[in-house]
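Report on one structure; see the data block that follows.
The values are calculated or read from the model by the stated rules, or taken from the named source; none is laboratory data. The structure presented is a predicted model; accordingly, all values stated were derived computationally and were not measured. Cβ coordinates were reconstructed from backbone atoms using ideal geometry, including for glycine residues, and neighbour counts include every protein chain displayed.
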Amino acid sequence: MKVTNLKLLATSDKDLRVIAAHLQDAIVSTTDIANLKKSRIFLIQLNRFMWEDVEKGIFRKNKRIRTVLKFDNVISVLSKNINIKNDKKFLEFLTIENSLLPDKSYKIELIFSGDAVIKINAEVIDVTLDDQGSSWESKTAPKHNFL
């Protein structure tokens with residue numbers, strides 16, 4: 001069975017919610033984050049948990065795949081509670097929040113566990129998620145504790 005890698009484009013708030021759902025529980029090393037200021041591009045490579053495979057049936061194996069999240073037309077990038085110099089640190093992706101600012105640019109926040117946030121200010125919502133290569137089996141599925 002041939003598997004086609006996921007490729008998504010977001011140009012609206014609704015599209016960003018779809019990308020956020022596919023990225024839930026992705027893991028990223030701080031070394032896989034790049035802000036290309038001159039090109040006005042922000043890149044982050046994540047190990048995405050393939051929830052879409054798990055939902056197809058209970059007998060499927062848990063899988064992860066490398067994926068690249070790319071933001072175009074970036075004005076600035078700030079982070080909170082993230083030490084880029086700590087190459088042993090991994091961030092666990094939770095969601096994306098965004099809002100339209102008074103100057104008509106967008107504030108897009110990548111929210112990670114442990115109150116870690118990457119704040120991207122962009123002229124427009126122009127985001128792509130692009131799976132890379134083949135998936136691999138993951139021994140465990142992410143678990144969430146409910147209150």
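Would you check if there is a residue in region 12-34 being on the phi > 0 side of the Ramachandran plot, over 11 Å from the mean Cα position of the chain (by Cα) and at pLDDT 90 or above? Write out each step before concluding.
Going through region 12-34, the residues on the phi > 0 side of the Ramachandran plot turn out to be 25.
Restricting the remaining residues to those that are over 11 Å from the mean Cα position of the chain (by Cα) gives none.
No, that holds for no residue.
Against the condition without any contact (Cβ under 8 Å) to a residue 40 or more places away in the chain, touching an Asp or Glu at 6+ places or on another chain (Cβ under 9 Å) and closer than 17 Å to Ala20 by Cβ, how does Glu92 come out, does it pass? Answer is no for this residue. Under 22 Å from Leu91 (Cα atoms), in contact with a Phe, Trp or Tyr (Cβ under 6 Å, 6 or more places away or on another chain), of a type in the set (S, T, N, Q) and crowded, with 18+ Cβ neighbours inside 10 Å: does that describe Asn35? Answer is yes for this residue. In the set (1) at pLDDT 95 or above; (2) part of a strand (DSSP E or B); (3) under 19 Å from Ala10 (Cβ atoms), the condition left unmet by Ile65 is number (1).
Note on region 1-34: among residues that are among the small types (Gly, Ala, Ser) and assigned to a helix (DSSP H, G or I), the one that is nearest to Val127 (Cα to Cα) is Ala20. Residue count for region 35-62 satisfying the condition of being closer than 21 Å to Ala10 by Cα, of a type outside the set (A, V, I, L, M, F, W, C) and at pLDDT below 90: 1.
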